[in-house]
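Peer 1: This is the structure I want to talk about, given as structure tokens.
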Amino acid sequence: MLNIENLHVKLEEEDKQILKGVNLEVEAGKVHAIMGPNGSGKSTLSYVLSGRDGYEVTEGSANLLGEDILEMDPEERAAAGLFLAFQYPVEIPGVGNMTFLRTAVNAQRKARGQEEMSSTDFLKEVRAKAKELEIDAEMLKRPVNVGFSGGEKKRNEILQMAMIAPKLCILDETDSGLDVDAMKLVADGVNKLRSPDRGFLVITHYQRLLNHIKPDVVHIMSDGRIVKTGGPELALEVEENGYADIVTEGA
């Protein structure tokens, strides 16, 4: 599904190399987790895949379902099936959640050559998805993320994900700032979206999120590279012993 080969990326303003040869393959139906110390390049990888400005790819490739996403604009990447859940979701004052969701869904459908969803069909589907994800209907009436708690913002992103139905979901430290109860709710929402034709890339510092979103594969990232790959037990090893030994081993 997602195939990354020898990806090198630098910050444009500082001319600083961040990613130094990332190789990664995420299969459909699988959850891959990336862990690593601060500054290892985890979030940079998510930004580059989604098309954020300020980064220059100097070498390597990234393909989603056989298409080169590095040559696409961000909206084209979204239409191709990529979704990024931000570490810090932004507020959009004056734009209602329902309006935002319907605009996003129909923009995606149009880009894929599908008919736009009618108001009636959209309302029916968004209410069903919100109920399934245990999202209060009142949240749908409020401006996007305005006055939302950290947990509500993350759950709102999961609702966006459910409505857009992407092929590849990237979660960039989605547990950041969440208490245990909020994290469980967000993780439950993600788990309900797991399917044989959808892949997940979960970026996190801590193993605690992976207690709730069970990964199939865990990667450890350090100094712009993936230095070790293993099963869920690798996250437990990090929790118990930290990153130092793994980073030294992979150097």
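Peer 1: Among (1) over 19 Å from residue 224 (Cα atoms); (2) surrounded by 20 or more Cβ atoms within 10 Å (Cβ to Cβ); (3) hydrophobic (A, V, I, L, M, F, W, C), there is one condition residue 107 misses while meeting the rest; what is its number?
Peer 2: Only one criterion is unmet by residue 107, namely (2).
Peer 1: Also: Sort through 233, 138 and tell me the only one that's among the acidic types (Asp, Glu), modelled with pLDDT of 90 or more and more than 25 Å from residue 78 (Cα to Cα).
Peer 2: 233 is the lone residue from the list that is among the acidic types (Asp, Glu), modelled with pLDDT of 90 or more and more than 25 Å from residue 78 (Cα to Cα).
Peer 1: Does residue 31 fit the bill of being touching an Asp or Glu at 6+ places or on another chain (Cβ under 7 Å), touching a residue at least 40 places away in the same chain (Cβ under 8 Å) and crowded, with 22+ Cβ neighbours inside 10 Å?
Peer 2: So residue 31 passes the test.
Peer 1: Quick check on my filter: what residues within the range 1-28 are aliphatic (A, V, I, L, M) and loosely packed, with under 14 Cβ neighbours inside 10 Å?
Peer 2: 11
Peer 1: Do we find a residue being among the aliphatic types (A, V, I, L, M) and in a loop (DSSP other than H, G, I, E, B) anywhere in the range 148-160?
Peer 2: Within the range 148-160 (the criterion being among the aliphatic types (A, V, I, L, M) and in a loop (DSSP other than H, G, I, E, B)), the answer is no, since none of the residues qualifies.
Peer 1: Turning to a different aspect of this structure: All but one of (1) within 30 Å of residue 242 (Cα to Cα); (2) touching an Asp or Glu at 6+ places or on another chain (Cβ under 7 Å); (3) surrounded by fewer than 21 Cβ atoms within 10 Å (Cβ to Cβ); (4) not polar (S, T, N, Q) hold for residue 51, so report the exception by its number.
Peer 2: Tallying (1) within 30 Å of residue 242 (Cα to Cα); (2) touching an Asp or Glu at 6+ places or on another chain (Cβ under 7 Å); (3) surrounded by fewer than 21 Cβ atoms within 10 Å (Cβ to Cβ); (4) not polar (S, T, N, Q), residue 51 fails exactly one: (1).
Peer 1: Can you tell me how many residues within the range 16-54 are touching a Ser or Thr at 6+ places or on another chain (Cβ under 7 Å) and over 20 Å from residue 218 (Cα atoms)?
Peer 2: Final tally of qualifying residues: 1.
Peer 1: Among the candidates 152, 134, 157, which residue alone is within 21 Å of residue 179 (Cα to Cα) and crowded, with 20+ Cβ neighbours inside 10 Å?
Peer 2: Within the list 152, 134, 157, the selection yields 157.
Peer 1: Which of the residues belonging to the range 192-225 are modelled with pLDDT of 90 or more, surrounded by fewer than 17 Cβ atoms within 10 Å (Cβ to Cβ) and either hydroxyl-bearing (Ser, Thr, Tyr) or outside any loop (DSSP other than H, G, I, E, B) (or both)?
Peer 2: The answer is 195, and nothing else.
Peer 1: Name, by its number, the condition in (1) without any contact (Cβ under 8 Å) to a residue 24 or more places away in the chain; (2) over 30 Å from residue 183 (Cβ atoms); (3) charged (D, E, K, R) that does not hold for residue 52.
Peer 2: Only one criterion is unmet by residue 52, namely (2).
Peer 1: May I pose another question? Go through (1) within 24 Å of residue 35 (Cα to Cα); (2) touching a Gly at 6+ places or on another chain (Cβ under 9 Å); (3) buried (at least 18 other Cβ atoms within 10 Å of the Cβ); (4) of a type outside the set (Gly, Ala, Ser) one by one and return the number of the condition residue 171 breaks.
Peer 2: (2)
Peer 1: Looking at this structure, is residue 184 in contact (Cβ under 8 Å) with a residue 24 or more places away in the chain and surrounded by fewer than 20 Cβ atoms within 10 Å (Cβ to Cβ)?
Peer 2: yes
Peer 1: Continuing with this model, one more query. Any idea which residue in the range 95-136 is farthest from residue 158 (Cα to Cα), counting only those that are under 22 Å from the mean Cα position of the chain (by Cα) and part of a loop (DSSP other than H, G, I, E, B)?
Peer 2: 112
The values are calculated or read from the model by the stated rules, or taken from the named source; none is laboratory data. Computed from a predicted structure; not experimentally measured. All Cβ positions, glycine included, derive from the backbone under ideal geometry; neighbour counts span all protein chains shown.
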